[in-house]
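First up is the structure itself, then whatever we jot down about it.
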Amino acid sequence: MSNDMKQNTKPEEQLMLETDAKENEIKNGDQDPLSKIIGAIGKWQIWICFIVFLVKFPVAWHQMSIIFLAPPMNFTCSDDNNFTSQCHANCSEYTYDHSVFGETIVSQWDLVCDRNWLKNLTQTIFMLGILVGNMIFGHLSDRFGRRLPFLIAVFLQLVAGVTTAYSVNWYMFTALRFLLAVATGGTMVTSFVLTMELIGAKYRDTVGIVYQIPFNLGHLSLPLFGYFLRDWSSFQLAISLPSVLFLSYYFLLPESPRWLMTVGRSKDALKIMKAAAKRNGRPTDKIEVSMQKMVVDASSTQERASFLALFRTPRLRARTIAICFNWFVCGFCFFGVSQYIGHVSGNIFFNVAISAAILVPGTLISIYTNRVLGRKITLISSNCVTGLSCLLIIFVPQSLASHLTLGCFGLFGMSISFATVYLYAGELFPTVVRNSGVGLSSTVARIGSMVAPFVATLAHTSAILPPLLFGIVPLIGSCLCIILPDTRGKKLPDTLEEGEV
């Protein structure tokens, strides 16, 4: 900028220009002061990522547990002798087929016939709890740091999860599951934020996708719990007790030095950064000098646009709607198809294990496709894989092998889509509304996951409706991707004006 231009620029505008320049420097050259001090990635970050990633196992267990808490069960009115699974208008007591499962929440509280919708409502309320937990702990992590809310969330997850196993009725079970979901949502948001704040910009894309793999492994291990623990209360207790290990994180997990700097706790940040730099084999003698740049950056960063700015301009409004719908697709299809596969005839443990096993390669492939093909083509292609796979279920001969195979292909597509929309949203929204945009997208995804259980269980009344809806929705998402720009390798937009380009 020339001297004449500097003289004619108002102080507020000059501050904004300087701040944007610093942000661009970080994004384009990995010149983040924290990364300069401790390194973009090293032994210290890898260790923190490892212990934080372990939290994703119970996240997967609790989110997908409804498959084994409320599995399909044959039943009959106690007056009959055959398990016909037909409802009787005047039946006051049902008898259940316990050849596969012992007691489930379905058999314990008679969640069949006119009460069948209650098990879907349980899962919908759970997903609502995830949404509430994301919002509450997202706010708490900005207010009180990443570490303390994380520890509170894992403690609440442990207490609520164990207590749920001793529920005496459906109301108590659902209420405790809601609290469990709030805690689970809290561990998700705090762990992701902490991880992203410690990793250099060069590696955030890869680490952000790898972050999904422990969830996939947790989903894969869930059938083992279900197979060896056929009673719902024992199963619930088993997937909850491992969270006791996370209480040790009080001693193992550091606070985010980036957050400490933004709130003026430089001494605490200095202590952590020295330990991190030493563990990574980097010099520690000039850390105090380098920290001054972080202090300036933290003091100059400020929010300059509201949530409504996402819908104020035509192009950004269209892009917001398109990316939010694709997040809805991920929440709706991932959890819906997963639950639908659990209701496919055959061995439920085998079905769930096979469908979960396909997620890990899908997530790993997304790293390659996003680098080579870009976000746009990757998202369109993966949504089409899911949509066409689900639609084919309607037309192929009805058999266990064909429906399971196509359902697994659908989940494979979603594993790529889910990893991609995380990256896409972070790169699509301008800096001034990025947090609001990603938060809105995540909220819409939770709405999709709340609707999913009701659609998945429609298979009991109509064999066509679930695969039809799970097929059409992602194809609509693919069409909406046409209006999105490909953000691979592009400069991140900072202002609302740049978001309109």
Name the one entry in 467, 493, 485 that is in contact with a Lys or Arg (Cβ under 8 Å, 6 or more places away or on another chain) and over 21 Å from residue 134 (Cβ atoms). 485
Matching residues, region 116-145, being closer than 18 Å to residue 328 by Cα, within 16 Å of the chain's Cα centre (by Cα) and among the β-branched types (Val, Ile, Thr): 124, 130, 132
If residue 397 satisfies every condition in (1) open to solvent by 20 Å² or more (accessible area, probe 1.4 Å); (2) assigned to a helix (DSSP H, G or I) but one, which is the exception? (2)
So residue 169 passes all but one of these: (1) surrounded by fewer than 21 Cβ atoms within 10 Å (Cβ to Cβ); (2) in contact with a helix residue (DSSP H, G or I) (Cβ under 7 Å, 6 or more places away or on another chain); (3) more than 19 Å from residue 61 (Cα to Cα). Which condition number does it fail? (2)
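Looking at this structure, is residue 412 touching a Pro at 6+ places or on another chain (Cβ under 9 Å) and within 16 Å of residue 215 (Cα to Cα)? It would help to see each step written out before you state the result.
Details: touching a Pro at 6+ places or on another chain (Cβ under 9 Å): yes; within 16 Å of residue 215 (Cα to Cα): yes.
Yes; evaluated as a whole, the condition is true for this residue.
Determine whether region 353-375 contains at least one residue that is open to solvent by less than 10 Å² (accessible area, probe 1.4 Å) and not in a helix (DSSP H, G or I). Working first, answer last.
Taking region 353-375 as the starting set, the residues that turn out to be open to solvent by less than 10 Å² (accessible area, probe 1.4 Å) are 355-356, 359, 362-363, 366, 370, 374.
Remaining after also requiring not in a helix (DSSP H, G or I): 374.
Within region 353-375, one or more residues are open to solvent by less than 10 Å² (accessible area, probe 1.4 Å) and not in a helix (DSSP H, G or I).
Please count how many residues of region 145-164 are open to solvent by 10 Å² or more (accessible area, probe 1.4 Å) and not hydroxyl-bearing (Ser, Thr, Tyr).
10
State which residue is nearest to residue 322 (Cα to Cα) when the search covers only region 479-501 and only residues that are within 23 Å of the chain's Cα centre (by Cα) and open to solvent by 10 Å² or more (accessible area, probe 1.4 Å).
Going residue by residue through region 479-501, those that are within 23 Å of the chain's Cα centre (by Cα) are 480-481, 484, 486-488, 492.
Now narrow it down to the ones that are open to solvent by 10 Å² or more (accessible area, probe 1.4 Å): 480, 486-488, 492.
Values: 480: 5, 486: 13, 487: 14, 488: 17, 492: 18 Å.
My answer is 480.
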Scanning region 253-271 for residues that are open to solvent by less than 10 Å² (accessible area, probe 1.4 Å) and in a loop (DSSP other than H, G, I, E, B) gives 253, 256
Restricted to region 93-144, and to residues that are assigned to a loop (DSSP other than H, G, I, E, B) and of a type in the set (Ser, Thr, Tyr), which residue is surrounded by the fewest Cβ atoms within 10 Å (Cβ to Cβ)? 99
Mind checking whether some residue in region 41-63 is over 24 Å from the mean Cα position of the chain (by Cα), among the basic types (Lys, Arg) and either modelled with pLDDT under 85 or within 12 Å of residue 222 (Cβ to Cβ) (or both)? no
Check region 302-312 and report whether any residue there is modelled with pLDDT of 90 or more and outside any helix (DSSP H, G or I). no
Among the residues of region 443-479, how many are farther than 22 Å from residue 379 by Cβ and charged (D, E, K, R)? 0
Number of the exception - residue 67 against (1) surrounded by fewer than 19 Cβ atoms within 10 Å (Cβ to Cβ); (2) at pLDDT 80 or above; (3) among the β-branched types (Val, Ile, Thr); (4) more than 30 Å from residue 258 (Cα to Cα): (1)
Applying the selection to region 217-259, what residues are farther than 19 Å from residue 73 by Cα and of a type in the set (Lys, Arg)? 258
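Would you check which residues across region 444-478 are free of Cβ contacts under 8 Å to residues at least 12 places away in the same chain and either among the hydrophobic types (A, V, I, L, M, F, W, C) or open to solvent by less than 40 Å² (accessible area, probe 1.4 Å) (or both) and list them? Show your work before the answer.
If we filter region 444-478 for residues that are free of Cβ contacts under 8 Å to residues at least 12 places away in the same chain, which is where we start, we get 458, 461-462, 465.
458, 462, 465, listed by residue number.
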Counting only residues that are open to solvent by 10 Å² or more (accessible area, probe 1.4 Å) and within 14 Å of residue 57 (Cα to Cα), region 224-252 contains a total of 8
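The values are calculated or read from the model by the stated rules, or taken from the named source; none is laboratory data. Everything numeric here is computed off the predicted structure, so don't read it as measured data. As a convention, Cβ positions derive from the backbone with ideal geometry for all residues, glycine included, and neighbour counts pool all protein chains shown. Heavy atoms of the whole protein, side chains included, go into the accessibility calculation; ligands, DNA and RNA do not. Shrake-Rupley method; radii C 1.70, N 1.55, O 1.52, S 1.80 Å.
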